[in-house]
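To keep things clear, I will list the structure first and then write my remarks on it.
The values are calculated or read from the model by the stated rules, or taken from the named source; none is laboratory data. Source: prediction; values computed, not measured. As a convention, Cβ positions derive from the backbone with ideal geometry for all residues, glycine included, and neighbour counts pool all protein chains shown.
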Amino acid sequence: MSAPQSYRFSFGPWNISEGADPFGPEVRPAFAHEDKYALYRPLGFEGVQFHDDDVVPGMDDLTAEQILRKAGEVKTMLSNQGLTPEFVAPRLWFSEKTVDGAYTSNSASDRAYAWERTQKCIDIARAIDCKAIVLWLSREGTYIREAKDAKVAYERLLETVNRMLDYDSNIEIWIEPKPNEPTDQAYVPTIGHAIALAFASKDHRRVKGLIESAHALLAGLDPSDEMAFALAHDKLGSVHLNDQNGLKYDQDKNFGGANLRVGFNQVRVLEEAGYGSRGEFIGLDVKAIRTQRGCPVTDHLKASREIFLHLVDKVRALDRPLIEQFRDARDYEALELYIVRHLLGVK
Ligand code: XUL
Ligand code: MN
């Protein structure tokens, strides 16, 4: 038997936050992104996820040369800390030019801005030696259905993916689906939509998905089945493990914190498929609870990683022949009791 998989973990600097929510201001002092890099390794993380302007703040007002200079500085900071950039995502939801979406906006000048910004994002990724671009499609959707022609919108998304593949012949594109928030209905709400786009693109081998647990739950789906679907098509670029308590706002709770069994099944599916054996990261997208004091707050990252690793132990300790017996006998009552006892640590 091959040696058990050991996992590498990543998170984005926005996961160490000031605790603001849509109804209130920041509750913790700011902690500079650049000071965060020193925290990664001691916490057990080696991958850094970025938005383009996490690497180059204020990039819309900078020249190409200034952008590359700043990206070069960040590359040095990462290598000084022994860190790997996992992906860069264009932040296309903050500009006044993307209030009604970016690639799917009805305005040609907004779409032109989105494409320019995407090229700069790819330039930044290249400058820090990062091989993947994440597309979280934020405002690509509608608040009312009649606002956009949805068929044209999907054609525009495919055209963008193809342009990105042409712009750089090495990068991979990982689409992060989410069904809603900020829009009422988002285009590309599930991994099935993302993978259809991938296969429709001009080089499907370079287009994959990134599955966030909470986003799948918001779509009313089980994240482990979403992951299994992507894995069955060899299209799981990365994951954003977290948790979500029901169909509410995107909560980004600690992994396994709301529903341990749902967490367990994600770990089971990843582990059984050998996810991570080609260097894929276990990415987290978790928010510290607003009431948490301190600066910087990192306990939520430590806890989510620890819960993941405990669940790996649980998956490895499963009695596989017994599970096969229950499956053969179609005794799913017994299988369920076995799983719950196993999670509880009782015989
Ligand atoms: C939004 C979300 C983003 C993406 C990266 O819900 O999850 O943080 O992961 O832009
Ligand atoms: Mn995410």
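Starting from residues that are part of a loop (DSSP other than H, G, I, E, B) and in contact with a Phe, Trp or Tyr (Cβ under 6 Å, 6 or more places away or on another chain), keep the ones in segment 131-182 and report whichever is surrounded by the most Cβ atoms within 10 Å (Cβ to Cβ). Top of the filtered list is Glu140. Residues considered: Leu221, Leu247. Of these, the only one that is surrounded by fewer than 20 Cβ atoms within 10 Å (Cβ to Cβ) and modelled with pLDDT under 95 is Leu247.
Yes or no: Gly279 small (Gly, Ala, Ser), touching a strand residue (DSSP E or B) at 6+ places or on another chain (Cβ under 7 Å) and either outside any helix (DSSP H, G or I) or within 19 Å of Gly47 (Cβ to Cβ) (or both)? The answer is no for Gly279. The number of residues in segment 32-49 that are buried (at least 20 other Cβ atoms within 10 Å of the Cβ) and either modelled with pLDDT under 95 or not assigned by TED's automatic domain parsing to the domain that holds Val239 (or both) comes to 0. Pick from segment 233-263 the residues that are aliphatic (A, V, I, L, M) and touching a residue at least 24 places away in the same chain (Cβ under 8 Å): which of them is nearest to Glu181 (Cα to Cα)? Going through the qualifying residues, I end up with Leu247.
Pull out all pairs, ordered by first then second residue, where Cβ-Cβ is under 8 Å, the residues are six or more apart or on different chains, the first lies in segment 87-102 and is in contact (Cβ under 8 Å) with a residue 24 or more places away in the chain and over 17 Å from Ile122 (Cβ atoms), and the second is assigned to a loop (DSSP other than H, G, I, E, B) and away from ligand 1 (no atom under 13 Å from the Cβ). Correct list of pairs: Thr98/Ser105; Asp100/Asn106; Asp100/Ser107; Gly101/Lys148.
Checking Thr104, Thr98 one by one, the residue that is within 14 Å of ligand 1 (Cβ to nearest atom), crowded, with 16+ Cβ neighbours inside 10 Å and under 20 Å from Lys148 (Cβ atoms) is Thr98 and no other.
Would you pick out the residues in segment 239-257 that are assigned to a loop (DSSP other than H, G, I, E, B), more than 13 Å from Val267 (Cβ to Cβ) and in contact with a Leu (Cβ under 7 Å, 6 or more places away or on another chain)? If you could, list the steps in order and put the result at the bottom.
Pass one, segment 239-257, residues assigned to a loop (DSSP other than H, G, I, E, B): 242, 244-252, 254-257.
Filter again for more than 13 Å from Val267 (Cβ to Cβ), leaving 242, 244-252, 254, 257.
Of everything in segment 239-257, those that are assigned to a loop (DSSP other than H, G, I, E, B), more than 13 Å from Val267 (Cβ to Cβ) and in contact with a Leu (Cβ under 7 Å, 6 or more places away or on another chain) turn out to be Asn242, Gln244, Leu247, Asp250.
Within segment 145-166, residues that are in contact (Cβ under 8 Å) with a residue 40 or more places away in the chain have Cβ atoms under 8 Å from residues that are surrounded by fewer than 15 Cβ atoms within 10 Å (Cβ to Cβ) and of a type in the set (S, T, N, Q) in these pairs: Arg145/Gln185; Ala147/Asn106; Lys148/Asn106, counting only partners at least 6 apart in sequence or on another chain.
Segment 185-232 holds helices (runs of 4 or more DSSP H) entirely within its bounds, and those carrying 2 or more residues that are away from ligand 2 (no atom under 14 Å from the Cβ) and not charged (D, E, K, R) map to 191-200, 223-232. Could you say whether any residue in segment 9-17 is more than 16 Å from ligand 2 (Cβ to nearest atom), buried (at least 16 other Cβ atoms within 10 Å of the Cβ) and either among the charged types (D, E, K, R) or under 22 Å from the mean Cα position of the chain (by Cα) (or both)? Checking segment 9-17: not a single residue is more than 16 Å from ligand 2 (Cβ to nearest atom), buried (at least 16 other Cβ atoms within 10 Å of the Cβ) and either among the charged types (D, E, K, R) or under 22 Å from the mean Cα position of the chain (by Cα) (or both).
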